[in-house]
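**Student:** The structure's right below; bear with me while I get my questions together.
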Amino acid sequence: METTIADNLKEKIPHFKVGIITYNDIEVGLSPQMLKGRLQLFQESLYFDLQEKEWTDFDKIQEWRNVFKLIGTNPSRYRPSAEALYRRIQKQNYLSPVHSAIDLNNFFSLLFEVPIGIYDRAKLTGDITIKIGEHEDTYMGLNGRMNSMEHMITSVDQEGPFGSPFVDSERTKVTEETKQALQIIYFTPSTSIEEADKQTKSLLDMFLQIHGGKGHYSISTN
């Protein structure tokens, strides 16, 4: 399974890059207390930061808003998923534990200030392309709605779109039955290759510590 960045996205967003992690033989279940504790403490700390800061103080969130604008997405209507998490916490609507894969994904999305998607590889077909969506690109999202990916960044396999920095699809969601997974870190264009590599590896290492199995990562760029 290879991941490529489509020409229509390369042209709009120079230096676009993603971290790609593949996992095999993992065990997804209830989050260990260590992870639940870290997630809760981080949210509480972030809540107090958000009372004293403006959104412009969060560089990566602002950069993702600008990326959305450049590709034709209204970021005030369709918020990058990391920003949506931050806004929940600002209202003290903390994230409740779901299972170990989702909880870890949310923790690192908050930590890195970028959208991160995790997908069940058994539900994916063929290679992956990350592109700007077209009119026919739609899917039922984890938000419970049918979502159009037109003028939005979306990840697609041979069956169609399944993920986005906005919201991911029901079709490829990770459950406690998942044994193989794909994780995509949607980095800001200004993130250096070195920093992207470091952050991707740190996510991989902690994921394997909790879930067992094996993993491999790479950075896909323009």
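The values are calculated or read from the model by the stated rules, or taken from the named source; none is laboratory data. Being a predicted model, the structure only gives us computed values, none of them experimental. Note: ideal-geometry Cβ built from the backbone for every residue, glycine included; neighbour counts use all protein chains shown. The accessibility values were calculated without ligands, DNA or RNA, using every heavy atom of the protein model including side chains. Shrake-Rupley method; radii C 1.70, N 1.55, O 1.52, S 1.80 Å.
**Student:** Provide the solvent-accessible area of MET206, counting protein heavy atoms only and rolling a 1.4 Å probe, rounded to the nearest 10 Å².
**Tutor:** Taking all protein chains as shown, MET206 has close to 20 Å².
**Student:** Run the Debye formula on the Cα coordinates of the chain, all scatterers equal and no solvent, and tell me log10 I(q)/I(0) at q = 0.11, 0.13 1/Å.
**Tutor:** -0.50, -0.72
**Student:** Quick one: which residues, 5+ away or cross-chain, put their amide H under 5 Å from the amide H of SER31? H built at 1.01 Å from N.
**Tutor:** Answer set, sorted by chain and number: SER100.
**Student:** Roughly how many Å is it from the Cα centre of region 154-222 to that of region 81-96, as a whole number?
**Tutor:** That distance is 21 Å.
**Student:** Now, a different point. At 0.36 nm per residue, and after removing the present C-alpha to C-alpha distance, how many nm does the segment from ARG87 to THR125 gain when stretched out fully? Please list the in-between numbers first.
**Tutor:** Details: separation 38, 0.36 × 38 = 13.68 nm, distance 3.39 nm.
Contour length minus the Cα-Cα distance gives 10.3 nm.
**Student:** Can you pull out the GluC sites (Glu not before Pro) in region 107-199 whose DSSP state is coil and whose Cβ has at most 10 other Cβ atoms within 10 Å? Walk me through the numbers before you get to the answer.
**Tutor:** Working: sites: GLU113, GLU134, GLU136, GLU150, GLU159, GLU170, GLU176, GLU177, GLU194, GLU195; in loops: GLU113, GLU134, GLU136, GLU150, GLU159, GLU170, GLU176, GLU177.
Of the GluC sites (Glu not before Pro), the ones in loops of region 107-199 whose Cβ has at most 10 other Cβ atoms within 10 Å are GLU136, GLU177.
**Student:** How large, in percent, is the carbon and sulfur part of the accessible surface of the chain at a probe radius of 1.4 Å?
**Tutor:** Values: 4940 of 10420 Å².
Result for the chain: 47 percent of the exposed heavy-atom area is carbon or sulfur.
**Student:** Using just the helices of the chain, give the 222 nm mean residue ellipticity in deg cm²/dmol: DSSP H runs with n ≥ 4 each add -39,500 (n - 2.57), and the total is spread over all residues, rounded to 500.
**Tutor:** Values: 6 runs with 81 residues, N = 222.
The helix contribution divided over the chain gives -11500 deg cm²/dmol.
**Student:** What list of ³J(HN,Hα) values in whole Hz, one per residue of region 51-58 in order, does the Karplus curve 6.51 cos²θ - 1.76 cosθ + 1.60 (θ = phi - 60°) give from phi, with Gly and Pro shown as x?
**Tutor:** Along region 51-58, the couplings run 6, 10, 10, 9, 4, 5, 6, 9 Hz.
**Student:** Can you figure out the FRET efficiency of ASN74 with ASN24, using R₀ = 41 Å and their beta-carbon distance, to the nearest 0.05? Let's see the in-between values first.
**Tutor:** On the way: r = 39 Å, r/R0 = 0.94.
So the FRET efficiency works out to roughly 0.60.
**Student:** Calculate the tail of P(r) for region 1-59: the fraction of all Cα-Cα distances greater than 16 Å, expressed in %.
**Tutor:** Details: 1228 of 1711 pairs.
I get 72 percent for the Cα pairs in region 1-59 exceeding 16 Å.
**Student:** While we're looking at this one, here's another question. ARG88: accessible area at probe 1.4 Å, nearest 10 Å²?
**Tutor:** Around 90 Å² of this residue is reachable by solvent.
**Student:** First obtain the Kirkwood hydrodynamic radius of region 51-120 from its Cα pairs, then insert it into the Stokes-Einstein equation at 20 °C and 1.002 mPa s, and state the resulting D in µm² per second as a whole number.
**Tutor:** On the way: Rh = 12.9 Å.
Result for D is 166 µm²/s.
**Student:** Applying the Karplus parametrisation 6.51 cos²θ - 1.76 cosθ + 1.60 with θ = phi - 60° to the phi angles of region 11-26, what ³J(HN,Hα) value in whole Hz is obtained for each residue in order, glycine and proline being reported as x?
**Tutor:** Couplings: 5, 7, 10, x, 6, 4, 8, 9, x, 10, 10, 10, 10, 10, 6, 8 Hz.
**Student:** Also, quick follow-up: Which length gain, in nm to one decimal place, applies between MET1 and THR138 when the Cα-Cα distance is subtracted from 0.36 nm times their residue separation? Working shown, then result.
**Tutor:** Working: separation 137, 0.36 × 137 = 49.32 nm, distance 2.22 nm.
Gain on extension, MET1 to THR138, equals 47.1 nm.
**Student:** Another question, then. How much length is gained on full extension from GLN158 to GLN51, taking 0.36 nm per residue of separation minus their Cα-Cα distance? Write out the running numbers ahead of the final one.
**Tutor:** Numbers: separation 107, 0.36 × 107 = 38.52 nm, distance 4.41 nm.
Contour length minus the Cα-Cα distance gives 34.1 nm.
**Student:** With a cut-off of at most 12 other beta carbons within 10 Å, and DSSP calling the residue loop, which trypsin sites (Lys or Arg not before Pro) in region 137-179 qualify? Please list them.
**Tutor:** Details: sites: ARG145, ARG171, LYS173, LYS179; in loops: ARG145, ARG171, LYS173, LYS179.
Here the sparse-neighbourhood loop sites are ARG145.
**Student:** Might you tell me the accessible area per residue for the chain, computed with a 1.4 Å probe and given in Å²?
**Tutor:** Details: 10420 Å² over 222 residues.
Solvent-accessible surface per residue comes out at 47 Å².
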